[in-house]
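Below is one structure; the comments refer to it alone.
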Amino acid sequence: QKEVEQDPGPLSVPEGAIVSLNCTYSNSAFQYFMWYRQYSRKGPELLMYTYSSGNKEDGRFTAQVDKSSKYISLFIRDSQPSDSATYLCAMSEATGRRALTFGSGTRLQVQP
Amino acid sequence: NAGVTQTPKFQVLKTGQSMTLQCAQDMNHNSMYWYRQDPGMGLRLIYYSASEGTTDKGEVPNGYNVSRLNKREFSLRLESAAPSQTSVYFCASSEAGTSADTQYFGPGTRLTVL
């Protein structure tokens, strides 16, 4: 079993829809949770970052962390065709290892 | 500010050939990382360097070596390439290497081993 599980999609939605992307994980030591966006043939770029449990909002994007369920979500409101990309969740422990454990990514297509 | 740059962008090798992937960052970051990305597998850490002069193995280090040449540059070497090393390779850097650091990624190198 992978440490981080993510539905690969593709997820196809109409422009303006609310999108929900999710990851589950098994390592209870994970404390930092991130969402990266990756456009085709580009490197990942950080979209959202949260520490421990709770919500964080940035414009059209909201990240949620539920540590009790080992479940994180990214919501995109009023989705745009420019949001079409692969979304990768990533997480890391609070101490020790200085690198991220990634999900496999969910491909999102927003249809105009 | 170029951020993280990688060379080459594309490479085709024959089994057994060697090559070095180059990575440089101009953000004065302490930590640098090499990942590989394969379909359905996400990004997996190959090696990382927490600071200049140190390197450590990641999740999938077999078949690779690294050199932290100076604070800016971190290279990845394949001594004897195998078809299983066909992948997209990403270099990343972060300021201090703590868990909370944002990692900045380069554009990637697409490697095919025949």
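Each reported figure results from applying straightforward, stated rules to the coordinates on display, with no laboratory input. Values in this document were obtained by computation on a predicted structure and should not be read as measured data. Positions of Cβ are backbone-derived with ideal geometry, glycine not excepted, and every protein chain shown enters the neighbour counts.
With each pseudo-label sitting 7 Å past Cα toward Cβ, what's the B:Gln17-A:Arg41 distance in nm, one decimal?
2.1 nm
Using amide H atoms built 1.01 Å from N in the peptide plane, name the residues 5+ places from A:Gln109, or on other chains, whose amide H lies under 5 Å from its own.
Counting only residues 5 or more places away or on other chains, the set is A:Leu11, A:Ser12, A:Val13.
For the protein assembly as shown, which semi-axes, largest first and in whole Å, follow from the square roots of 5 times the eigenvalues of its Cα gyration tensor?
Whole-Å semi-axes of the equivalent ellipsoid: 29, 20, 16.
Using every alpha carbon pair in the range B:37-83, what percent of pairs falls into each 10 Å bin from 0 up to the bin containing the largest distance?
Pairs per bin, as whole percents: 24, 50, 23, 2.
What residue among B:Leu45, B:Leu69, B:Leu78 shows peak mean-square fluctuation when chain B is described by a Gaussian network model with Cα springs under 10 Å?
Of the options given, B:Leu69 has the highest mean-square fluctuation.
How large are Rg and Dmax for the range B:24-114 when calculated on the C-alpha trace, in angstrom?
12.7, 39
Mean-square fluctuation check for chain B, GNM, Cα pairs under 10 Å: which of B:Thr20, B:Thr55, B:Thr102 is largest?
B:Thr102
Would you compute the Debye intensity of the range A:5-112 from its alpha-carbon atoms alone, equal scatterers and no solvent, and pass along log10 I(q)/I(0) at q = 0.13, 0.16, 0.19, 0.24 Å⁻¹ to two decimals?
Results for the range A:5-112 at q = 0.13, 0.16, 0.19, 0.24 Å⁻¹ read -0.44, -0.66, -0.92, -1.39.
Averaging over all projection directions, find the projected area of the Cα convex hull of the range B:68-114 and quote it in nm² with one decimal place.
4.3 nm²
Would you mind ranking B:Arg110, B:Arg77 so that the residue whose beta carbon has the fewest other beta carbons within 10 Å leads the list?
B:Arg77, B:Arg110
Pairs of lysines 8 or more apart, or on different chains, with alpha carbons under 17 Å: count those in the protein assembly as shown, would you?
Summing the qualifying lysine pairs gives 4.
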